[in-house]
């Protein structure tokens, strides 16, 4: 008689996901804001902030099998030590070159962290208490998604509150260090899932929304969702660099950066979570209107100088830019299901990483001369996305 498996404690995984996103949010905005105040050239700021994305383009591929050799727990602990070491060094120095190298290391350790955390979730889904219970599997994934989303929402709100009271961006580095210390301690409590990964459980690795859509019969050329997710990543990454630069030029308070990105994050989380339940047909109908609103929103960001209107624009951007993500996500997951593979999840991560990598570099170069022109570039990119979808949407066939 086989011994019954002990119930797996999932809370360390959820807390780690929460803390890792909180770290990313804390330093993700703190770095450009800090260097803008140091009068560093926007071109260099763009290159520096692209460091994590550059390394993350490759690290998931390089380290995709390491947890099979040393175990999930050991891999997560190594990644957590790496995140902690990076934050310790950032307390000592913020020299641009050192920060760039640290962000590259951050991207390397992310390749050890997110894929392995997802492998742990997949293994847990194969345990006796989950294997034949779709309700529990769904609850596990929704709790995991909520955990890391709340990490982003919490840290944006924390940054807005703290910087409203004390306008000192270095405080966010201190909070990132605190999150990293707690993350390392929590990693010591993670259990080693004993069940091997079942390739039939396909869930993309991503730092935004992770959910498995309902089955539909879908046919489409692969380049369509890949192109769309590059646009999504490019727009998010571009706004993440050039708004801090523009806010400094307009002498907006520091807290507005975290507050407005909080608006974007919370509206994006809500809309993507809801739209994951939509059929492909419905999303296709919504896409042209959504894309047009994104075009207008980005154009207004370039023209606008009113702080209150920026808050509204960030909320709109979070709502309507989300459908790029939802449609690309669902199409690639359906392709995974149809071919019983997970390779399209890796394509998804790579393409969105390309957008995040190139956008701060390109917009930073342009912002050296005029930050508003960077917004107009993003407007043009979103307009190209609109035309692209209008021309090719008929090639996405759903039943």
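Any read-out appearing in this document is the output of simple, stated calculations on the displayed coordinates, not a laboratory observation. Remember, predicted model here, so these are calculated numbers, not experimental data. FYI the Cβ positions are ideal-geometry reconstructions off the backbone, even for glycines, and counts take in every protein chain you see.
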Study note, to complete from the structure: Among 371, 391, the single one that is surrounded by 20 or more Cβ atoms within 10 Å (Cβ to Cβ) and more than 19 Å from the chain's Cα centre (by Cα) is 371
**Study point:** Failed item, numbered, when residue 303 is tested on (1) surrounded by fewer than 23 Cβ atoms within 10 Å (Cβ to Cβ); (2) touching a helix residue (DSSP H, G or I) at 6+ places or on another chain (Cβ under 7 Å); (3) touching a residue at least 60 places away in the same chain (Cβ under 8 Å)
**Key:** (2)
Practice item. Return the total of residues in the range 247-297 being buried (at least 22 other Cβ atoms within 10 Å of the Cβ) and at positive phi. Key: 0
